[in-house]
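Contents: one structure, followed by commentary.
The values are calculated or read from the model by the stated rules, or taken from the named source; none is laboratory data. The structure presented is a predicted model; accordingly, all values stated were derived computationally and were not measured. Cβ atoms come from the backbone with ideal geometry, glycine included; neighbour counts cover every protein chain shown. Protein only, heavy atoms only, side chains kept; ligands, DNA and RNA dropped before computing areas. Shrake-Rupley method; radii C 1.70, N 1.55, O 1.52, S 1.80 Å.
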Amino acid sequence: MEREEEKKKEGSSYRYWVREATADAAPPPLPQKLTNNDVAPNAPALGSLWNQAGTWEEKSLTKWATDRLKELLGSVGSLQFSSGKAEIIDVNRCVGDAFLVTVRNKKRVGYTYELSLKVEGEWSFEENMKKVKGSLDIPEFSFGELDDLEVDVKLSEDKELSQQLKQRIRLDMKQFLDPIRLKLGQFEQELKQR
């Protein structure tokens, strides 16, 4: 009776493949010890260690960027004009954010900021030197848009200044745009290298 069951099992179409090795089957793999040459070094990935695949990762650079912008714009210095001179005294307002994004192992940076710079200067008018205070406001600027940068000049209320003199002072102060643009270009280059 046992023989009949064994013959039925042999004749069945189902076989347990692990236990039955046939002559034409490949030999089982043998374990091999790897050497340092066999192991490929991992290429350094951008971003965090947990993100080896290089998927989306965003890092805030706002604190560094705000401090760096204040430092760079504070170092613009003074400008001489035909009828006076002016100097950036302080950065009144520096609001915005900067970030580093890693996507598919590629680094991208960006920022959006608003600035207000305190300016003081002296202009000669009718053989008198007039002290003028004001601000240079840059409403909004972003990464890669420095060519479109605009500056809005606001003068403190001084009743002694005529409209003609105020207009000349505003035009003179708009000359700060080029040195500011250079400093912001330097900022963008430093941001890319982070």
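How much length, in nm to one decimal, is gained on full extension between residue 59 and residue 118, taken as 0.36 nm per residue of separation minus their Cα-Cα distance?
Length gained, residue 59 through residue 118: 18.2 nm.
If the limit is 29 Å between Cα atoms, which of 63/85; 70/174; 70/131; 33/106; 59/133; 70/107 go over it?
63/85; 33/106; 59/133
Once you put a point 7 Å from the Cα of residue 154 and another 7 Å from the Cα of residue 129, both along the Cβ direction, what distance in nm separates them?
The modelled label-to-label distance comes out at 2.8 nm.
Using only the Cα atoms, work out Rg/Rh for the stretch 69-179, with Rh taken as the Kirkwood radius, to two decimals.
1.10
Please report the carbon-and-sulfur percent of the accessible area for the stretch 132-194; probe 1.4 Å, protein heavy atoms only, DNA, RNA and ligands left out.
Ligands and nucleic acids excluded, carbon and sulfur give 43 percent.
Provide the convex hull volume over Cα atoms per residue for the stretch 78-123, in Å³. If you can, show how the numbers build up before the last one.
Numbers: hull volume 4.3 nm³, N = 46.
Dividing the Cα hull volume of the stretch 78-123 by its residues yields 93 Å³.
Given the C-alpha centroids of the stretch 142-185 and the stretch 77-93, what is the distance between them in whole angstrom?
Result: 10 Å between the Cα centres.
How big is D for the stretch 109-171, in µm² s⁻¹ as a whole number, if Stokes-Einstein is applied with the Kirkwood radius of its Cα pairs at 37 °C and 0.692 mPa s?
245 µm²/s
Taking the Cβ-Cβ separation of residue 178 and residue 50 as r and a Förster radius of 45 Å, what is the calculated FRET efficiency to the nearest 0.05?
0.50
Treating only the Cβ atoms of Lys and Arg (+1) and Asp and Glu (-1) as charged, compute the dipole magnitude of the stretch 52-102 about its Cα centre; round to the nearest 20 debye. Could the numbers behind the result be given before it?
Details: 6 positive and 7 negative charges, 26 e Å.
That gives a dipole near 120 debye.
Can you return the aspartates and glutamates within cross-link range of residue 183? Criterion is Cα-Cα under 17 Å, with same-chain partners fewer than 8 residues away left out.
Partners found: 67, 71, 87, 90, 114, 137, 140, 145, 147, 148, 150.
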